[in-house]
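Student: Got a structure for you, questions after.
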Amino acid sequence: MMNPIELKKAVGSGLLSFPVTHFDDQLKFDEAKYRRHVEWLAGYDAAALFAAGGTGEFFSLNPSEIPQVVRAAKASAGNTPIISGTGYGTSLAIEIAQAAEKAGADGLLLLPPYLMFAEQAGLIAHVKAVCQSVGIGVIVYNRDNAILTADSIARLAEECPNLIGFKDGVGDVDKVIEITTRLGDRLVYVGGMPTHEVYAQAYFAAGVTTYSSAVFNFVPALAQRFYGALRTGDQATVDEILKGFFFPFVALRNRKKGYAVSIIKAGLRVLGQNPGPVRPPLTDLTQEELALLEKIVQANGVSRIAAE
């Protein structure tokens, strides 16, 4: 396992991704298919992979499944760091965090707690308790009902040496700029909007130069090409991929609630891979929507042969 400083450096070094979690027809974790998928993704030079993250259906996994997923990812990812999701209430988040650490996770992504909205003092206590329960690095995910202010992040950075990262899924770039300006290089900053590529240019200007790419699951070469164009200022390539792939992809994703995850598994089906269905309450794409996704993928030069 990496120490927190090593993980921070790794996360900031390139593109990140969230492997989907494979299920069989009975919705049980399909470890063999998952391991093959993680091994495939690791060959595309992701800076880190998030096992049992949001795109990996963390919310549908029971606590005993999460360390299984982490161990499978660690066994298949080679030298690519594996960051495990954790979350829910503080006690359960600590239990999951410690089990993930024991399973070999290099770090943790702390997702928002279950439903409840809380004051900053409560959120600080929650993040601090999770950080203090483990020795590995922790990235806090600012989103939905867990939105920390710059003051709160600064306090946590002082009190929690293993808090190494801040991931934003809110989209208030002015608030992100305040945090990056105040904290400087104390943390690594990760973009976490759904299909973050369409927001990436604004976040780059705010000092957030890496992000988690869900589409990396099925078009890793295209995802890396887009990221490379962003980093080098190749605006023509950025615009080409946004118009040709990401804008039509997002339009399809927005057809129904929950499709931010479902469409990623559908992308793998388009390539001839079988990640299994999404677990309820999510729903899979219809056959008509799957055909539309296949057209988007094919129009961007990605074929089953290329995927294989």
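Student: Work out the FRET efficiency for ASN62 and ALA251 from their Cβ-Cβ distance, taking R0 = 41 Å, and round it to the nearest 0.05.
Tutor: Plugging the Cβ-Cβ distance into 1/(1 + (r/R0)^6) gives 0.75.
Student: Any idea how far the Cα center of region 219-256 sits from the one of region 1-68, in Å?
Tutor: So the two Cα centres are separated by 22 Å.
Student: Could I have the simple spin-label model distance between LYS28 and ARG279, label points 7 Å from Cα toward Cβ, reported in nm to one decimal?
Tutor: 1.4
Student: Moving on to the next point. Using amide H atoms built 1.01 Å from N in the peptide plane, name the residues 5+ places from TYR211, or on other chains, whose amide H lies under 5 Å from its own.
Tutor: Sorted by chain and number, the residues that satisfy this are LEU16, GLY191.
Student: Once the other residues with Cβ under 12 Å from the Cβ of ILE241 are scored (Lys, Arg +1; Asp, Glu -1), what is the net sum?
Tutor: Neighbourhood net charge equals -2.
Student: Something else now. Taking the Cα centre of each part, how many Å lie between region 276-297 and region 72-126?
Tutor: 28
Student: For region 2-231, what is the accessible area per residue in Å², given a 1.4 Å probe and the full set of protein chains?
Tutor: Value returned for region 2-231: 38 Å² of accessible area per residue.
Student: Okay, next question. How would you order 67-75, 125-133 from highest to lowest mean count of nearby Cβ atoms within 10 Å?
Tutor: Going from most to least packed, we get 67-75, 125-133.
Student: What does the helix-only formula give at 222 nm for the chain: each DSSP H stretch with n ≥ 4 adding -39500 (n - 2.57), the total divided by the residues, and the result rounded to the nearest 500 deg cm²/dmol?
Tutor: The per-residue figure over the chain is -13500 deg cm²/dmol.
Student: A further question follows. Put +1 on the Cβ of each Lys and Arg and -1 on the Cβ of each Asp and Glu in the chain; which of ASN79, LEU271, ALA229 then has its Cα farthest toward the positive end of the dipole?
Tutor: So the residue furthest toward the plus end is LEU271.
Student: What is the dipole size for region 2-231, taken about its Cα centre, with +1 at each Lys and Arg Cβ and -1 at each Asp and Glu Cβ, in debye to the nearest 20?
Tutor: 420
Student: Kindly give the semi-axes, whole Å and largest first, of the ellipsoid equivalent to region 2-231, taking each as the square root of 5 times a Cα gyration tensor eigenvalue.
Tutor: 25, 22, 15
Student: So, one more: Report the local net charge at ASP284: Lys and Arg +1, Asp and Glu -1, summed over other residues whose C-beta lies under 11 Å from its C-beta.
Tutor: Overall, the nearby charge balance is +3.
Student: If you don't mind, there's one more thing I want to ask. May I ask for the percentage of alpha-carbon pairs in region 1-118 that lie more than 22 Å from each other?
Tutor: When all Cα pairs of region 1-118 are counted, 28 percent exceed 22 Å.
Student: Now, a different point. In the full protein assembly as shown, how much of ARG182 is accessible to a 1.4 Å probe, in Å² to the nearest 10?
Tutor: ARG182 has an accessible surface of roughly 120 Å² with all protein chains in place.
Student: With a 1.4 Å probe and every protein chain kept in, tell me what percent of the accessible surface of region 2-231 is carbon plus sulfur.
Tutor: About 52 percent, which is the carbon plus sulfur part of the accessible surface.
The values are calculated or read from the model by the stated rules, or taken from the named source; none is laboratory data. These numbers come from a predicted model, not from an experiment. Quick reminder, even Gly has a Cβ in these numbers, built from the backbone with ideal geometry, and neighbours come from all protein chains shown. Note: areas computed on protein heavy atoms with side chains; ligands, DNA, RNA excluded. Shrake-Rupley method; radii C 1.70, N 1.55, O 1.52, S 1.80 Å.
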